[in-house]
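Quick note: the coordinates plus some simple rules give every number you see, no bench work behind them. Given the structure is predicted, the values throughout are model-derived calculations rather than measurements. Ideal geometry is used to build each Cβ from the backbone, glycine not excepted, and the neighbour counts take in all protein chains shown.
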Amino acid sequence: MKNHHYKTTIQWTGNRGSGTSSYRDYERSHTISAENKPVIEASSDPAFRGDKTKYNPEEMLLSSLSSCHMLWYLHFCSEAGIIVTDYVDHATGIMEETNNGSGHFVEVTLHPTVTLQNEEMTEKAKELHHKANEFCFIANSVNFPVKHIPTVLVK
């Protein structure tokens, strides 16, 4: 077994001068950073007093699942001799808020649109989404289903 270690830094930037003196007195803004990488401006979802112009944790979770799936998928296509020329995914997720204000995701659905160079590889290209889902590190780490509804185009 091989371990991989990761480090990020989260820095709250939302102190308006009085800290968390009341629920309405502070911003949810923060930055996400990792060594030698661009800083990501983040906040909470606007439903939770966040800044709608910044990424929120829920969007970052969807992005992590989508990105991980794509990277495995492209790897498996490369191994199978399937030439992918474009890939875009419009991931969606459902988070259920509970009565006490906490919540959890109940599902995420990936909607990848993959463009192939050769039509004869269409069926195999569709099948490889299942394998990518099985191998995705992030999908294997969550306790809700990660579904995928792929579209395959040929150009």
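Here are some notes:
- Here the Karplus curve 6.51 cos²θ - 1.76 cosθ + 1.60, taken at θ = phi - 60°, turns the phi angles of the range 77-83 into couplings of 5, 4, 5, 8, x, 8, 8 Hz, with x standing for Gly and Pro.
- For the pair the range 41-101 / the range 115-146, the C-alpha centres are spaced 15 Å from each other.
- Ranked for footprinting exposure by Cβ neighbours inside 10 Å, fewest first, ASP25, ASP86, ASP51 give ASP86, ASP25, ASP51.
- Calculated FRET value between HIS104 and TYR55, using beta carbons and R₀ = 22 Å, to 0.05: 0.70
- With respect to the chain, whose longest principal axis is taken over its alpha-carbon atoms, helix 122-135 is tilted by about 40°.
- Were the residues from MET1 through ALA80 laid out at 0.36 nm apart, the gain over their Cα-Cα distance would be 25.8 nm.
- Cβ-derived FRET efficiency at R0 35 Å, ARG16 paired with HIS90, nearest 0.05: 0.50
- In nm, spacing of pseudo-spin labels at GLU35 and GLU123 (7 Å Cα→C-beta vector): 4.9
- Computed helical MRE - 222 nm, the chain, DSSP H runs ≥ 4 contributing -39500 (n - 2.57), nearest 500: -8500 deg cm²/dmol
- Phi-derived couplings, Karplus 6.51 cos²θ - 1.76 cosθ + 1.60 at θ = phi - 60°, listed residue by residue for the range 108-121: 10, 10, 8, 10, x, 10, 10, 9, 10, 7, 10, 5, 5, 9 Hz, with x used for Gly and Pro.
- Relative contact order [Cα under 8 Å, 6+ residues apart], the range 53-155, whole percent: 32
- Measuring how big the chain is from its alpha-carbon positions, Rg and Dmax come out at 19.0, 63 Å.
- Share, in percent, of DSSP beta bridges within the range 57-154 that are antiparallel, nearest 5: 60
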